[in-house]
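Please read the structure below before turning to the comments.
The values are calculated or read from the model by the stated rules, or taken from the named source; none is laboratory data. Computed from a predicted model, the values in this text were never measured in an experiment. Virtual Cβ from ideal backbone geometry, glycine too; neighbours counted across all protein chains shown.
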Amino acid sequence: MQSYQRQYLKEMGIEVWLDKNSSVAINETVVEEQVSAKSIATEVKVTPPVFPEALINLAKQVAACQQCVLHESRTQTVFGVGNPNADWLVIGEAPGADEDSQGEPFVGRAGKLLNSMLLAMGLPREQVFIANILKCRPPNNRDPQAEEVLACETYLRQQIDLIKPKIILAVGRIAAQNLLKLETPIGKMRGNRYQYPDSELPVIVTYHPAYLLRSPREKRKVWEDLKLAMQTYKAIV
């Protein structure tokens, strides 16, 4: 296991014990066996890829959207960021204050933890695409309302159709329940493989990084979820 992977696993609260006579982790699945070599992270700064015209046009539609009341209080929309040809699509709930200010999903402390989660899998942030169920911040970070989710649903489906990911990682209860049209508690959704509605696209559910900051003991459960996601992805490619 690469040293940087041990570093990010440690940041997630996962201790990786090594046999003195071996470089193989005893109590964790070796990451290199779970993901393809091309997805291994490096410390090299990656230039963000340019969005294709269709995705740029969709982002413009989102920026001008007034389909729900959230447009009245937003600073800006948060369309999404990352590789438009990504195999991995990470979907969260909605922008928070930092995201609303910067126009990018998963920034701040939760974003840093998400980056560590991805790097533990061998995926730099620039290699995946990250989006949210909602493109505008709900006031005071309240839960999204049904009509707000519905207003953004078409945008998210178009993003999925244009990016054509091979797997979705849904982070957080609200993202998972709205994405999959389920009311199952997230604790019971974990550990299962789902499919995005009307498609064969696999969806793996895990806890939101913001929740992990409040409940760090749950980080080990997230590592189990990430290993399931890697196994699911490996079976596809």
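Overview of results
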quantity	calculated
Failed item, numbered, when Lys227 is tested on (1) in contact with a helix residue (DSSP H, G or I) (Cβ under 7 Å, 6 or more places away or on another chain); (2) not in a loop (DSSP other than H, G, I, E, B); (3) not small (Gly, Ala, Ser)	(1)
Matching option when the condition is crowded, with 21+ Cβ neighbours inside 10 Å and charged (D, E, K, R), among Glu104, Glu72, Glu93	Glu93
Test for Lys166: is it touching an Asp or Glu at 6+ places or on another chain (Cβ under 7 Å) and surrounded by fewer than 16 Cβ atoms within 10 Å (Cβ to Cβ)	yes
Pairs where the first residue, in the range 183-204, is assigned to a strand (DSSP E or B) and the second is of a type in the set (Phe, Trp, Tyr), C-beta under 6 Å, 6+ apart	Val203/Tyr194; Val203/Tyr196
Options Ala210, Ala176: the member that is in contact (Cβ under 8 Å) with a residue 60 or more places away in the chain, under 19 Å from Leu114 (Cβ atoms), crowded, with 19+ Cβ neighbours inside 10 Å and not charged (D, E, K, R)	Ala210
Qualifying residue in the range 77-85 (condition: modelled with pLDDT under 55 and hydrophobic (A, V, I, L, M, F, W, C))	no
Conditions (1) surrounded by fewer than 21 Cβ atoms within 10 Å (Cβ to Cβ); (2) charged (D, E, K, R); (3) at pLDDT 95 or above: number failed by Glu99	(1)
In the range 123-151, residue surrounded by the most Cβ atoms within 10 Å (Cβ to Cβ) [restricted to those that are part of a loop (DSSP other than H, G, I, E, B) and of a type in the set (A, V, I, L, M)]	Leu134
Answer from Glu28, Glu32, Glu43 - the residue that is assigned to a helix (DSSP H, G or I), over 30 Å from Pro144 (Cβ atoms) and either modelled with pLDDT under 50 or under 21 Å from the mean Cα position of the chain (by Cα) (or both)	Glu32
Unmet requirement for Pro197, which otherwise passes all of (1) touching a Lys or Arg at 6+ places or on another chain (Cβ under 7 Å); (2) crowded, with 16+ Cβ neighbours inside 10 Å; (3) not β-branched (Val, Ile, Thr)	(2)
